[in-house]
Amino acid sequence: FIVDQPGASTSWAVGSPYPVTWTKGLQDGIDMFDIELMRLYEDGLYLVAKSVPTTYSTLNVLLQDVPSGNDYFLLCLNSTDGVTFAISSRFTVSNTSSSSNPSPDPSVPTVTISGPPDPLKVFATTMGPASNGAHGLLYGDEPGIWGVLFMTGAAVLSGVWTLW
């Protein structure tokens, strides 16, 4: 999993949408992920998008009223389990427009981030089918569940055999 954009020399202007692009492995087992915008030297965490499907390879992000700085980076992760999949290069957010703005992808959603950083806010948008992060009983751990069921069955059978 690699974040292609924003790159190291990228500068985002407040008020303009920018595409966030990534490249994902074919059989890495990642079906959806979350995106967070963070700062390196200042306190700052923006919860951008939850449950982004990996069928996308781009998501547009529009920053409004976000403090300028040259210490921003994006995290692609599973925020429920705390597993980080990828980290972007450090990039700049400025209050002035850049002449080399990449154009946003009109075929994908645009997520708007505004105001000061606040890790207690909810994600700006939830895109995937699991709006609260909950999954079914067997989601992602079928072998583990079958192992527990087998061991439970074996324990019950041995208990019955002992008492018989």
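The values are calculated or read from the model by the stated rules, or taken from the named source; none is laboratory data. Just so you know, these numbers come straight off a predicted model, no measurement behind them. Quick reminder, even Gly has a Cβ in these numbers, built from the backbone with ideal geometry, and neighbours come from all protein chains shown. What goes into the accessible areas is simple: the full protein's heavy atoms, side chains included, and nothing from ligands, DNA or RNA. Shrake-Rupley method; radii C 1.70, N 1.55, O 1.52, S 1.80 Å.
The largest accessible area among Glu42, Glu36 belongs to the first residue in Glu42, Glu36, and the rest follow in falling order (1.4 Å probe, all chains).
Residues whose amide H comes within less than 5 Å of that of Met32, counting only those at least five positions distant or on another chain, are Thr54 (H built at 1.01 Å from N in the peptide plane).
As a test of the formula, what do you get for the chain when each DSSP H run with n ≥ 4 contributes -39,500 (n - 2.57) and the sum is divided by the residue count, at 222 nm and rounded to the nearest 500 deg cm²/dmol?
-4500 deg cm²/dmol
Using a probe radius of 1.4 angstrom, the carbon and sulfur fraction of the accessible surface of the chain is 58%.
With a Förster radius of 30 Å applied to the beta-carbon distance between Thr84 and Phe150, the computed FRET efficiency rounds to 0.35. Label-to-label distance for Ala8 and Asp43 is 3.1 nm, based on points extended 7 Å past Cα in the beta-carbon direction. I want the local charge near Phe1. Using Cβ-Cβ distances under 9 Å, sum +1 for each Lys or Arg and -1 for each Asp or Glu among the other residues. Around Phe1, the surrounding residues sum to 0. Across Gly25, Gly147, Gly15, mean-square fluctuation computed from a Gaussian network of the chain (C-alpha pairs under 10 Å connected) peaks at Gly147. Which residue fluctuates the most in the chain, going by a Gaussian network model with Cα springs under 10 Å, if the choices are Trp22, Trp146, Trp12? Comparing Trp22, Trp146, Trp12 in a Gaussian network model of the chain, the most mobile one is Trp146. Length gained on full extension, Asn95 to Ser114, computed as 0.36 nm times the residue gap minus the Cα-Cα distance: 5.5 nm. Stokes-Einstein diffusion of region 1-109 at 20 °C, 1.002 mPa s viscosity, Kirkwood radius from Cα pairs, rounded to a whole number: 151 µm²/s. For the chain, the per residue solvent-accessible surface stands at 59 Å², with DNA, RNA and ligands left out and a 1.4 Å probe. Determine, from the Cβ-Cβ distance of Phe1 and Leu157 and an R0 of 41 Å, the FRET efficiency 1/(1 + (r/R0)^6), rounded to the nearest 0.05. With R0 = 41 Å, the Cβ-Cβ based efficiency is 0.40.
Against the chain, whose longest principal axis comes from its Cα atoms, helix 142-163 is set at around 20 degrees.
Our coupling estimate for region 21-33, obtained by passing each phi through the Karplus curve with A = 6.51, B = -1.76, C = 1.60 and θ = phi - 60°, is 10, 8, 10, 10, x, 5, 10, 8, x, 9, 9, 8, 8 Hz, Gly and Pro reported as x. Would you look at the GNM of the chain, springs on alpha carbons closer than 10 Å, and say which of Leu63, Leu26, Leu149 moves the most? Fluctuation is largest for Leu149. Only residues of region 65-87 count here: report those whose backbone N is under 19 Å from the spot 7 Å along Cα→Cβ of Asp28, or say none. Within reach of a label on Asp28: 73-87.
Quick one: compute the contact order of region 12-96, relative version, from alpha carbon pairs under 8 angstrom and 6+ residues apart, as a percent.
Taking the mean separation of contacting Cα pairs over the length of region 12-96, I get 37 percent.
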